[in-house]
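Below: one structure, written as structure tokens.
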Amino acid sequence: MANTSSAKKAARKIAARTEVNKARRSRMRSFVRKFEEAAAAGDKAAAAEAFKAVEPEIMRAATKGIVHKNTASRKVSRLAARLKAISV
């Protein structure tokens, strides 16, 4: 347990940031899930619309430090490949 006042404040800040980060991670995953569902259904139009929404959401998560920049780029690349495969 934190003993000093600064350590107690740090613990409060960490708890608050954790909540924000959880919300952001959950939001990103929700957008990815919507894309995955549209892609699984084979609906090209819905998948394209979902991709337009998920790509900036993933990159925003990378900017905020939720995921690493390269991880975000890899996820976007794989989603784009899935979208392209649907349209064929």
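What to note about this one:
This table checks each residue for (1) assigned to a helix (DSSP H, G or I); (2) more than 19 Å from A80 (Cα to Cα); (3) hydrophobic (A, V, I, L, M, F, W, C); (4) touching a residue at least 24 places away in the same chain (Cβ under 8 Å).
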| residue | (1), (2), (3), (4) |
| --- | --- |
| A2 | no, yes, yes, no |
| K8 | yes, yes, no, no |
| R17 | yes, yes, no, no |
| R24 | yes, yes, no, yes |
| F31 | yes, no, yes, yes |
| E49 | yes, no, no, no |
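- Total residues in the range 70-85, condition surrounded by fewer than 12 Cβ atoms within 10 Å (Cβ to Cβ) and not polar (S, T, N, Q): 4
Okay, residues lined up against (1) modelled with pLDDT of 95 or more; (2) in contact with a Leu (Cβ under 8 Å, 6 or more places away or on another chain); (3) hydroxyl-bearing (S, T, Y):
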{"site": "K8", "(1), (2), (3)": "no, no, no"}
{"site": "T18", "(1), (2), (3)": "yes, no, yes"}
{"site": "K22", "(1), (2), (3)": "yes, no, no"}
{"site": "K34", "(1), (2), (3)": "yes, no, no"}
{"site": "A40", "(1), (2), (3)": "no, no, no"}
{"site": "A61", "(1), (2), (3)": "yes, no, no"}
{"site": "I66", "(1), (2), (3)": "yes, no, no"}
{"site": "K69", "(1), (2), (3)": "yes, no, no"}
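- Some residue of the range 55-64 being within 14 Å of V32 (Cβ to Cβ), exposed (fewer than 14 other Cβ atoms within 10 Å of the Cβ) and of a type in the set (D, E, K, R): no
- Sole residue being surrounded by fewer than 12 Cβ atoms within 10 Å (Cβ to Cβ) and of a type outside the set (K, R), chosen from A10, A50, A2: A2
The values are calculated or read from the model by the stated rules, or taken from the named source; none is laboratory data. Small disclaimer: the values here were computed from a predicted structure and weren't measured. As a convention, Cβ positions derive from the backbone with ideal geometry for all residues, glycine included, and neighbour counts pool all protein chains shown.
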